Each structure stands twice: as structure tokens, then as C-alpha cells.
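Values in this text are rule-based calculations from the coordinates and carry no lab data. Here the structure is a predicted model, which means the values were calculated and not measured. Glycine also receives a Cβ, built like all others from the backbone with ideal geometry; neighbour counts cover every protein chain displayed.
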Amino acid sequence: MMRVRFRLLHKNQRGLTLVELLIAIVLVGIVTAGITITIGHMFTWTTRTNNHMIAVRQVQTAGYWVSRDALQAQEWTISLPGSSDPMNSGFPFSLKREWDDETTQVTYSITEDNRLMRTRKITKITEDGDVTSEVSTFVAQHICFDGTTIERRLSEGKEVLTLQVTATVAEQSETRVYDITPRPDA
């Protein structure tokens, strides 16, 4: 009885042809390849976007700290181009402020491992003598030495500090230019 049913099932049922089966396999392969490529591109774009955002953040942080210190400073000291260093870009440079019995000097430099370093030296004049404290911190990373410059220039009769900062993270680069005008009472 079982054999009879099996035969009837085959006689009344139409199966897939080899051509239909091959077309189905090709279509599934195309859809799978498309999904794989899309996911791959998504990961690539996410990595590029993340690297670019890191570079943007580092440039913004460097611009913030230099602008902040420059606006508080009363005196700007910048290395002059043409010095013994052929790659001189104005770094290191110093910003100085005197307030009552306290002198603060902030020096920015770019290290060999592409970090912008901020060294803050405070000297207080006391009855017992001068007390000096010095703190160094890294302000930003991935800073390109050859793309980061600082210069003093005159603009409309005022001295302006121009900072160009470039950060590069895995071939994603960001450059910003900051023009810093001193305080009116400086």
C-alpha cells in the first residue's frame, strides 16, 4: 500500500527542473553577495568616519587650548623661521602672563610621537623666595608636525596669532586655521 501511494505522489506532482534549480541557486548567490558587499562597505565607512571624527576632535582640542592660553597671555614668544631647525613651524612657542605676584608661562611643542604637549610653569613670588611648579600634559594626539604651524602677523594694525592645526588618523586628515587676537587690555 505504501508503494502505491508513493507512485501516485510522483505521478501527480510536478518537480523542479534542473534549469529552475540553477536559476534559484544563482539568485540566492547574487543576493548573498550583495548583502556581504553592503556589510563590508558599512564597516569600511564606519571606520573611515570614526577616524575622521577622531582627527576633527584632536584639531578642535588643540585649537581650544592654544586659543584659551593665547587670550589670557600678555606676551607671545614664537620660534622664528630660519633658525637652525630647517623644519621650524613656530614650535615650540610660549605664552606668558603676569598677575600680581605670579607669572604663568605656557609652552606648546610637538613631540616625536605626534602629540601636542602643553607645559605650564607657574612662578610665585613669596617672602621666602620664588616657588615654581611645572606641569606637562598632552593636549592632542595625531598632530602632523609638517601641517601644523603658528605665526604672528599684523592684521589691521593688531598683532594676530595664526594657528594651523592638522591631525591625521589612518589617512583621514583634518586641518583648521585659528586666528587669535589678543585681549584689548593685553
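For Asp130 and Glu151, what does the FRET efficiency come to when R0 = 45 Å and r is the distance between their Cβ atoms, rounded to the nearest 0.05?
Efficiency at R0 = 45 Å is approximately 0.90.
At R0 = 22 Å, how high is the FRET efficiency between Thr103 and Val160 if r is their beta carbon distance? Nearest 0.05 is fine.
The pair Thr103/Val160 has a calculated efficiency of 0.35.
Give a residue-ordered list of calculated ³J(HN,Hα) values for the stretch 43-54 (Karplus: 6.51 cos²θ - 1.76 cosθ + 1.60, θ = phi - 60°; whole Hz; x for Gly, Pro).
5, 5, 5, 5, 5, 4, 5, 4, 5, 5, 5, 5
Could you please state, rounded to a whole Å, how far the C-alpha centre of the stretch 13-74 is from the C-alpha centre of the stretch 141-186?
32 Å
Ranked by Cβ crowding within 10 angstrom, fewest neighbours first, how are Lys124, Lys96 ordered?
Lys124, Lys96
Note down the nm distance, to one decimal, between modelled labels 7 Å out along Cα→Cβ at Thr111 and at Trp45.
Placing both labels 7 Å beyond Cα along the Cβ direction yields 3.7 nm.
Suppose each label sits 7 Å from its Cα in the direction of the beta carbon; what would the Ala170-Leu21 distance come out to in nanometres?
4.5 nm
When Thr166, Thr132 are ordered from fewest to most other Cβ atoms inside 10 Å of their Cβ, what list results?
Taking fewest neighbouring Cβ atoms as first place, the list is Thr132, Thr166.
What is the pair-distance distribution P(r) of the stretch 99-140, computed from all Cα-Cα distances in 10 Å bins starting at 0, with each bin given as a whole percent?
Pairs per bin, as whole percents: 28, 40, 22, 9, 1.
Under a 5 Å amide H to amide H cut-off, with H placed in plane at 1.01 Å, what residues pair with Gln172 once short-range neighbours are removed?
Sorted by chain and number, the residues that satisfy this come to none at all.
Given H placed 1.01 Å from N in the peptide plane, which residues other than close sequence neighbours of Thr148 have an amide H under 5 Å from its amide H?
Thr166
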